[in-house]
Each structure stands twice: as C-alpha cells, then as structure tokens.
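The values are calculated or read from the model by the stated rules, or taken from the named source; none is laboratory data. What you are looking at is a predicted structure, and each value in this text was computed from that prediction instead of being measured. Here the Cβ is made from the backbone with ideal geometry for all residues, glycine too, and neighbour counts use every protein chain on show. Ligands, DNA and RNA are excluded from the accessible area calculation, which covers all protein heavy atoms including side chains. Shrake-Rupley method; radii C 1.70, N 1.55, O 1.52, S 1.80 Å.
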Amino acid sequence: MYNFWWQLPGPKSFIDRLVQDIRDGKNIIMCLPKYSPYEKLSKAVRIEMENDEWEWHSIDTEEEKDPVNLLFKRFIQNHRIDQIRNANTLAKDPVFKGKLIWLTNINQNNWLSWREFIVDYANICRHYCLLDRTLFCIPLIGELTLNLPSEDICLSLHRWCNYIDRTDMLVFTSQFFREKAIPLIEKQMIISVIVNLSLWDPFTSERLANESIDKILKPNYILKQIARERDWDNSDFVNERLLWLSGIKNEFEGKEEFHSAILSLHDPKKEIERRIWSAQVGVYFPFIEQKRQEILVKLKNVLKVPFTTRFETINNIWDLEIGHIESQIVNEISVPMELKKLVKRLRIMRNKLSHLNSLDEDILFFNYDIL
C-alpha cells in the first residue's frame with residue numbers, strides 16, 4: 001500500500017524534487033517528521049531513477065562510527081597505507097565515482113560525524129563534473145532535523161511539509177474500501193470523514209479504515225490510543241519546531257493543522273467534531289440536492305404551486321425545498337409511506353447539517369435508493 005503512496009501526486013512531487021536535485025549533482029538531505037511513510041522512500045527514488053546511469057548503494061551507518069573509514073572500507077579497499085583518508089581523497093579516487101549512496105540508520109550517535117562529513121564533501125563536489133561525482137541521499141527523522149547544515153551549491157535540504165492534499169488522501173483512503181460491500185453514499189461519507197481526520201497521515205487513515213463505522217463517527221477513543229502510542233500526551237506545545245518533527249503539526253493544503261490524535265486530548269474548539277461535520281456536508285449536501293430533484297420528478301403531479309411560506313411565495317415547482325415537499329405530502333395518501341420517510345429523513349439531515357451538527361448512525365443508515 002505504501003508503494004502506491006509515493007505514486008500519488010503530492011508524494012510524487014516530493015520524489016520529483018529529490019530526483020531533480022540528484023540529477024543536478026546535489027547531495028540531498030530529507031527532513032522527515034516522525035510517523036511519515038519514509039520506509040518506502042528510498043525504493044520510490046530508486047524506481048524513479050532506474051533509467052539513470054547511477055550505481056545504487058545502501059549503507060548502514062551503524063557499521064562504522066567514522067564516515068570516511070566506513071566509505072573507504074566499503075569502496076576503496078586497495079588504498080595505500082600511507083594515504084591520507086578524508087573526504088577529498090575519497091572524492092578524487094576513480095573507484096569512488098558515479099555512485100548514489102543512500103544512508104540508513106542515521107541516529108543521534110552518528111549524525112554529528114556524518115553532518116561534518118557531508119558539509120566537507122558537498123564543498124569538494126564543486127570541483128568535480130557531474131559525471132565524476134558520487135552523491136549521498138540522507139534521510140533525517142524527527143529530532144535529527146534540529147541540527148541541519150546549511151544548503152550549498154551541491155547540498156540541498158528537502159522538508160516534508162505541505163506536499164499532501166485532500167485529493168491524495170481521498171485516493172489513498174479509498175483503496176481500503178474497494179472490496180467493502182456498503183452503499184456508495186455511506187462509503188463516500190466514511191472515506192471523507194477519515195480523510196478529514198487523518199489529514200496528511202496515511203497511518204491514521206489506515207487505522208481508521210479498519211474500524212467499524214460507529215467508531216469512525218465517534219473516533220476519540222481510537223485517536224487517544226494513537227496519541228498515547230506516539231507519546232504525544234507528554235508533548236511540548238510551546239516549541240513549534242518540535243510539534244512538526246514529532247508529527248503533531250504540519251501544513252495541509254496551505255494551512256497549519258494539528259493532528260486529530262493530539263486534539264483528542266485537548267479540543268476546546270471542538271475541531272474534531274467540525275472535521276467530521278465538514279466531511280459530511282461535502283458528501284450529503286450534493287446528495288440531498290440530487291434526491292430533491294428526483295423527488296420533484298416523481299411527485300410533479302402531486303405537488304402544487306404557488307406555495308406560500310412565512311417568508312416567500314414559490315411559483316416554480318423546481319424551487320420547492322425538501323421541507324416544502326414534506327409539508328405537502330405528509331397527509332397525501334397517494335404518496336407511498338417509504339417515500340414520505342425518505343423526504344423526512346432528507347429534511348432532518350439537511351437541517352442538522354445546516355445547524356453545524358454532524359450526523360450520527362441513526363440518521364445516516366437508511367435505504368436512500370427507493371426512488
């Protein structure tokens with residue numbers, strides 16, 4: 001599933017930027033918050049560059065504390081004993097050319113030494129043409145992103161921020177529901193709610209998609225579980241940088257948002273409820289309008305105009321709202337009871353959503369295909 005993630009437009013644009021900088025001869029550092037799908041990132045970059053003439057290598061940085069010693073041991077085994085071993089001699093050795101090296105297991109114990117190395121090495125790369133360079137790809141996760149080198153001609157930084165939008169998450173989340181036999185409108189609503197709760201986080205999307213509908217509509221228990229699992233209940237809300245690197249806060253469609261899991265612990269503005277309501281409005285308002293028009297066709301010989309309300313007189317039958325229709329058919333014996341129930345249900349749904357109230361299971365689950 002997470003191979004598919006990097007094919008979505010937003011994540012793919014991140015990959016494209018990484019690849020373009022590599023092709024331009026730059027070493028790259030990827031700055032990633034915790035709980036982002038970075039495990040398949042190297043594979044996605046490698047697939048995108050499969051037609052480029054790079055020799056791909058993955059190196060575990062925990063094999064050796066000193067970066068230069070590790071790289072000499074790995075690539076230049078026939079070096080002279082008296083040879084000075086540093087970033088410069090490494091870069092100019094003919095054996096050490098045309099490679100793309102992805103570093104793994106960068107951590108607090110080895111990042112400072114690798115940071116010093118990559119700054120020196122990137123500066124040295126300026127003196128070599130692109131075809132003679134070996135380049136490094138360095139993923140940094142969480143707290144490691146607090147200690148970054150400066151960008152340079154041959155070193156670029158890429159921060160995972162504001163790459164995901166609602167379309168990406170709709171496509172991603174819908175994959176979990178392809179085989180589920182539930183009515184289309186319910187499926188659309190559930191997917192929309194999950195997207196609004198997950199925002200940029202595919203792991204939360206997958207977690208919610210595997211829950212029952214009632215738990216998705218009342219998600220606080222699940223969201224609190226996620227917050228505790230990620231140790232967010234002990235998080236520092238003061239430092240904005242810490243909020244991003246821990247995965248608590250990120251940009252989503254150009255706006256900074258808090259993760260729903262952290263809101264489940266403290267949500268004075270009832271943001272989770274608003275996200276659920278917003279998802280339902282986006283699905284059910286167009287649905288109610290579609291049903292209104294179908295009902296008008298069905299009942300055009302029963303409904304009458306002009307129809308006077310407290311506020312206006314309606315002269316065109318196609319302008320009758322759901323409430324107007326219900327008031328005309330409630331005592332009409334020629335209209336089937338199931339159709340009356342449908343109109344009533346649609347009127348209740350519209351009124352609740354119009355008053356900023358989300359819909360619960362009692363009102364949602366109904367046979368809306370009786371027309």
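Element breakdown for segment 221-269 at a 1.4 angstrom probe: carbon and sulfur atoms account for 48% of the accessible area.
Taking the Cβ-Cβ separation of Asp60 and Glu289 as r and a Förster radius of 41 Å, what is the calculated FRET efficiency to the nearest 0.05? For R0 = 41 Å, the calculated efficiency reads 0.10. Residues in the chain average 51 Å² of solvent-accessible surface per residue, probe 1.4 Å, ligands and nucleic acids excluded.
For Ser278, the accessible area of its heavy atoms, probed at 1.4 Å with every protein chain present, is near 50 square angstrom.
Solvent-accessible surface of protein heavy atoms, probed at 1.4 angstrom with all chains present, puts Asp120, Asp168 in the order Asp120, Asp168, largest first.
The figure for Ser42 is an accessible area of roughly 40 square angstrom, using a 1.4 Å probe on the protein chains alone. Over segment 165-240, with a single point scatterer placed on each C-alpha, what log10 of the ratio I(q)/I(0) does the Debye formula yield at q = 0.12, 0.21, 0.26 1/Å? The calculated log intensity ratios at q = 0.12, 0.21, 0.26 Å⁻¹ are -0.36, -0.92, -1.24.
Among beta bridges from DSSP that stay inside the chain, the antiparallel ones total about 25%. When Arg274, Arg310 are compared by accessible area at a 1.4 angstrom probe, the order from most to least is Arg310, Arg274. Legend: P(r) of segment 262-371 from all alpha carbon pair distances, 10 Å bins from 0, whole percents, reading 13, 40, 29, 12, 6, 1.
Summary value for the chain: 16 percent relative contact order, contacts being C-alpha pairs under 8 angstrom separated by 6+ residues.
Applying Stokes-Einstein at 37 °C and 0.692 mPa s to the Kirkwood radius of segment 1-123, computed over alpha-carbon pairs, gives a translational diffusion coefficient of 206 µm² s⁻¹.
Each principal axis of the Cα cloud of the chain was evaluated for its coordinate range; sorted largest first, these ranges are 103, 44, 36 Å.
For the cross-link pairs Lys65/Lys92; Lys34/Lys187; Lys43/Lys187; Lys215/Lys269; Lys255/Lys344, which exceed 26 Å when the distance is taken from alpha carbon to alpha carbon? Table pairs above 26 Å Cα-Cα are Lys34/Lys187; Lys43/Lys187; Lys255/Lys344.
How large, in percent, is the carbon and sulfur part of the accessible surface of segment 1-130 at a probe radius of 1.4 Å?
44
The distance separating the Cα centre of segment 148-201 from that of segment 311-352 comes to 38 Å.
Measuring nothing but alpha carbons in segment 139-288 and taking Rh as the Kirkwood radius, the Rg to Rh ratio lands at 1.02. To the nearest ten degrees, helix 111-125 and the longest principal axis of the Cα atoms of the chain are 70 degrees apart.
When the dipole is taken about the Cα centre of the chain, and only Lys, Arg (+1) and Asp, Glu (-1) are charged at their Cβ, what size is it in debye, to the nearest 20? It would help to have the intermediate numbers written out before the result.
On the way: 50 positive and 54 negative charges, 183 e Å.
Using only the charged Cβ atoms, the result is roughly 880 debye.
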